[in-house]
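Everything below concerns the one structure shown next.
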């Protein structure tokens, strides 16, 4: 095994592609990941799950190479002792209790005192290890947390989490985000996939952006998000005096376009912060009532439309 303290990236993909018949699921993806939390960001169907399966060794790339701690993940079995996986699919044996399942997972990883380790892991995800109910009676959010407990029970260096917040309520999401952040700050490598921009913003500063099977961008989250600042932002303004307000807004230096439909104005602006101030001033001048001022493209899908369109 490669020394886990070496400077070599913990996870490295080089020119990886994956074909299913005539379908290209992943195309020429190259990236490296070190310690901390990295988010794999993309809409459904972007290829995130396929990339995660490949980097975990669950699927072989059609082209390219994959290294986990310097090793081929489909090579030495020992590499899996450093890996914890939360797949998107439901993989929890429903006849077992949470404690039984997580303890069994610990045993597979040769954890000493598996029962005690399982109790600790269930405590991390705020589940009761003494709950004897079978997992099949759990809610989706509870089953998801059981999967997370099973992934961390053997104290792995690498955690690969495919949509781990799916089905969790807002409080549980906050708790899981805090857990993943803490694990990253401890020096582990945590890879989390998501298609929800707000989750990614709270999870990680470094992101890998995927779309249509390609790696579209990578780097600091805020830099990626600012990509949409290279083009005008769109905002919807609803008012009781659309014509008067639209006329006043066209004189604003930051406004590059105005579209009027009934009581709704769609504004293109190069400076959202300045526009929010000016629209209030223009509304006051024209005696128009502002019913709604909502950004139309400050979201994940808009980032992807921009990125895909620019490639």
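Close contacts from the range 264-278, counting a first residue that is free of Cβ contacts under 8 Å to residues at least 40 places away in the same chain and a second that is in a helix (DSSP H, G or I) and buried (at least 16 other Cβ atoms within 10 Å of the Cβ), with Cβ to Cβ under 6 Å and a gap of 6+ residues or different chains, come to 265/242; 265/246; 269/275. I'd like to know if the range 75-87 contains one or more residues that are closer than 23 Å to residue 150 by Cα, modelled with pLDDT under 90 and buried (at least 19 other Cβ atoms within 10 Å of the Cβ). Yes, the range 75-87 has at least one match.
Given the condition assigned to a loop (DSSP other than H, G, I, E, B), crowded, with 19+ Cβ neighbours inside 10 Å and under 26 Å from the mean Cα position of the chain (by Cα), answer yes or no: does some residue in the range 110-121 qualify? It would help to see each step written out before you state the result.
From the range 110-121, those assigned to a loop (DSSP other than H, G, I, E, B) are 110-113; that's our starting set.
Still in the list and also crowded, with 19+ Cβ neighbours inside 10 Å: 111.
Pick out the ones that are also under 26 Å from the mean Cα position of the chain (by Cα) and you get none.
The answer is no; no qualifying residue exists.
Among the residues making up the range 251-287, those that are surrounded by fewer than 15 Cβ atoms within 10 Å (Cβ to Cβ), modelled with pLDDT under 90 and either touching a helix residue (DSSP H, G or I) at 6+ places or on another chain (Cβ under 7 Å) or more than 16 Å from residue 297 (Cβ to Cβ) (or both) are 251, 253, 261, 262, 274, 277. With the condition kept exactly as written, say whether any residue in the range 139-157 is touching a strand residue (DSSP E or B) at 6+ places or on another chain (Cβ under 7 Å), part of a loop (DSSP other than H, G, I, E, B), assigned by TED's automatic domain parsing to the domain that holds residue 80 and under 17 Å from residue 38 (Cα atoms). Yes, the conditions are met somewhere in the range 139-157.
Please go through the range 34-65 and pick out each residue that is assigned to a strand (DSSP E or B) and crowded, with 22+ Cβ neighbours inside 10 Å.
Result: 37, 38, 39, 40, 41.
Checked against the criterion of being out of contact with any helix residue (DSSP H, G or I) (no Cβ under 6 Å at 6 or more places or on another chain), under 30 Å from residue 9 (Cα atoms) and at pLDDT 95 or above, the candidates 148, 160, 152 yield just one match: 148.
Condition test on residue 166, is it surrounded by fewer than 21 Cβ atoms within 10 Å (Cβ to Cβ) and under 18 Å from the mean Cα position of the chain (by Cα)? Let's see the steps before the verdict.
Working: surrounded by fewer than 21 Cβ atoms within 10 Å (Cβ to Cβ): yes; under 18 Å from the mean Cα position of the chain (by Cα): yes.
Here the answer is yes, as residue 166 does meet what is asked.
Scanning the range 28-48 turns up no residue that is without any contact (Cβ under 8 Å) to a residue 12 or more places away in the chain and either farther than 30 Å from residue 140 by Cα or over 22 Å from the mean Cα position of the chain (by Cα) (or both). When residues in the range 210-248 are screened for being farther than 20 Å from residue 288 by Cβ, at pLDDT 90 or above and in a helix (DSSP H, G or I), 0 of them pass. Taken as a whole, the structure leaves residue 126 outside the set of residues that are in contact (Cβ under 8 Å) with a residue 12 or more places away in the chain, in contact with a strand residue (DSSP E or B) (Cβ under 7 Å, 6 or more places away or on another chain) and assigned to a loop (DSSP other than H, G, I, E, B).
The values are calculated or read from the model by the stated rules, or taken from the named source; none is laboratory data. Given the structure is predicted, the values throughout are model-derived calculations rather than measurements. Here the Cβ is made from the backbone with ideal geometry for all residues, glycine too, and neighbour counts use every protein chain on show.
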